[in-house]
1. So residue 330 clears everything in (1) among the polar types (S, T, N, Q); (2) over 24 Å from residue 214 (Cβ atoms); (3) surrounded by fewer than 17 Cβ atoms within 10 Å (Cβ to Cβ) except one condition, right? Which one?
2. Quickly run through region 248-284 and pick out the residues that are in a helix (DSSP H, G or I) and farther than 21 Å from residue 174 by Cβ.
3. Of all the residues that make up region 175-190, how many are among the hydroxyl-bearing types (Ser, Thr, Tyr) and either assigned to a helix (DSSP H, G or I) or surrounded by fewer than 24 Cβ atoms within 10 Å (Cβ to Cβ) (or both)?
4. Would you call residue 287 part of a loop (DSSP other than H, G, I, E, B), within 16 Å of ligand 2 (Cβ to nearest atom), in contact with a Gly (Cβ under 8 Å, 6 or more places away or on another chain) and under 24 Å from residue 335 (Cα atoms)?
5. From the list 155, 140, exactly one residue is within 30 Å of residue 102 (Cβ to Cβ) and assigned to a strand (DSSP E or B). Which is it?
6. Counting only residues that are out of contact with any Leu (no Cβ under 7 Å at 6 or more places or on another chain) and within 17 Å of residue 237 (Cβ to Cβ), give me the helices (runs of 4 or more DSSP H) lying completely in region 310-397 with at least 1 of them.
7. Would you confirm, using the coordinates I've provided, whether residue 132 is within 18 Å of the chain's Cα centre (by Cα), outside any strand (DSSP E or B) and within 12 Å of ligand 1 (Cβ to nearest atom)?
8. Yes or no: residue 193 away from ligand 1 (no atom under 16 Å from the Cβ), part of a loop (DSSP other than H, G, I, E, B), at pLDDT 95 or above and not small (Gly, Ala, Ser)?
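The values are calculated or read from the model by the stated rules, or taken from the named source; none is laboratory data. The shown structure was predicted, so the numbers you read here are calculated from the model rather than taken from an experiment. Positions of Cβ are generated from backbone atoms using ideal geometry, with glycine treated the same way; all protein chains shown enter the neighbour counts.
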Amino acid sequence: METMHFGFRFDNSYARLPKSLFTIVNPAQVREPAIVIFNDNLAKGLGLDTSALKTNLGAAILVGNVIPKESSPLAQAYAGHQFGHFTILGDGRAILLGEQLTPSGKRYDLQFKGSGRTPYSRGGDGKATLGPMLREYLISEAMHGLNIPTTRSLSVCTTGEMVLREEKLPGAVLTRVAKSHLRVGTFQYAATLQTTDELKLLADYAIERHYPNALQEEHKYLGLLREVIRSQAVLVAKWMLVGFIHGVMNTDNVTISGETIDYGPCAFMDIFDPATVFSSIDRQGRYAYANQPMIANWNLARFADSLLPLLDPVEEIAVKLAEDELKQFSNVYDQHYLDGMRRKLGLIGANPEDTSLIRDLLHLMYEHQADYTNTFLALTFARYNQSKLTQSENFESWLQRWKERLSKNPSGPDAVQKIMKTNNPAVIPRNHRVEEALRQAVQNGDLKPLRKLLDVLKDPFAHSGQQREYAKPPDPSATPYRTFCGT
Ligand code: AMP
Ligand code: MG
């Protein structure tokens, strides 16, 4: 239908790729679409008309009941290593509406999540429920506030239908916005096809869309591999610096663009413990906090595997080329993590003792069960009377070493505090706050706590008065926090 006045300017470049990479499929019709939350700022940036979308017709569009004229909805095929096991997957409950061309000349996928069955649904119903979709909205927007590359959330709508899980829950559709939905798993899927034609076209497409600089290189596919390794290494370093645990780092949840994707069982760590795992299905702790860099490296090796036919016709040469690129992962990761930690501690320049200073602080946090985020805040604002850690003797001697190191900085305390304030968030989406906001929204239809939480998370580096309340860790509770895949 004619939907020009909503501001849609769609292209469908993905639909011009080989047919084996997707299936044309329409979203399911739902009974009673209603907008629960809508992201005005994001909509404006995309060039969408917010007031036109926040109407009944807008809601009908945002659940997929009404398809904009320029759209050609499709589900993408992909594969993936899930907890180490290779499986053919695909968008089982997601449908790509199109690629929005923004006023500033950028291109973003608009994708529904929870919009019904597709040929890739396997046993699933293709549906999503309100709690997990609001959770994705909240955490992805929080990640954006933390300056971490991520898919974004445009809206969550209820469908007026109940979805059967362990109990009946309100059905919902999330509209997700991403630089693209190309995944490591998309390449793994293409690599299973009969010829390398699809793989080649997919790689050319990824280069054009995300890494056009690779075209300048002698070997563009090696350039693509290098860029993806780099952007994932940088991404995971950023996760580690804020204590983010993705929870389900399967290769189908690793983007080529370097954006965080798939907010199922993710959560932020309160008390510093490298072994932290929140996901109920991750019984072995494969995706524990401290394992994330190593797992990212493993996932990138799977990406390299899928690219081998494009790297060189002689397999041994291709493998050697890929291995050389993969060696760069830990260099890039280590450098970004170390630089990030230096900024968190206000350390300007590089000093040989920085690494041990950082390591020893983390060790003290672990020993004294200190809150990760708040320990950095204590250092930023010299608030040492609030935790067991900062009142301990060991900490006192660490503090002296830190101060000694700060004295070697070329700038004074004000400049140092400024760096620390812009690198240590006043607030993260703490699990108890997230749960409370979602509970109020889903059980009581009260969106206020969720909006308030989104508001304090918008600029986590503001260090405002109202953020203080949200910085408080949870009461030490009897049951450890658990997350579940939002299916
Ligand atoms: P995820 O755990 O969200 O990364 O999903 C892994 C795979 O399962 C993807 O192929 C999803 O599309 C699929 N999937 C998850 N939930 C459902 C569902 N309710 N119905 C159909 N497919 C699903
Ligand atoms: Mg996924």
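1. Answer for residue 330: the failing condition is (2).
2. Listed by number, the list holds a single entry, 251.
3. Of the residues in region 175-190, 2 are among the hydroxyl-bearing types (Ser, Thr, Tyr) and either assigned to a helix (DSSP H, G or I) or surrounded by fewer than 24 Cβ atoms within 10 Å (Cβ to Cβ) (or both).
4. The answer is yes for residue 287.
5. Answer to the check: 155.
6. 328-344, 354-367, 372-380
7. yes
8. Spelling it out, residue 193 is indeed away from ligand 1 (no atom under 16 Å from the Cβ), part of a loop (DSSP other than H, G, I, E, B), at pLDDT 95 or above and not small (Gly, Ala, Ser).
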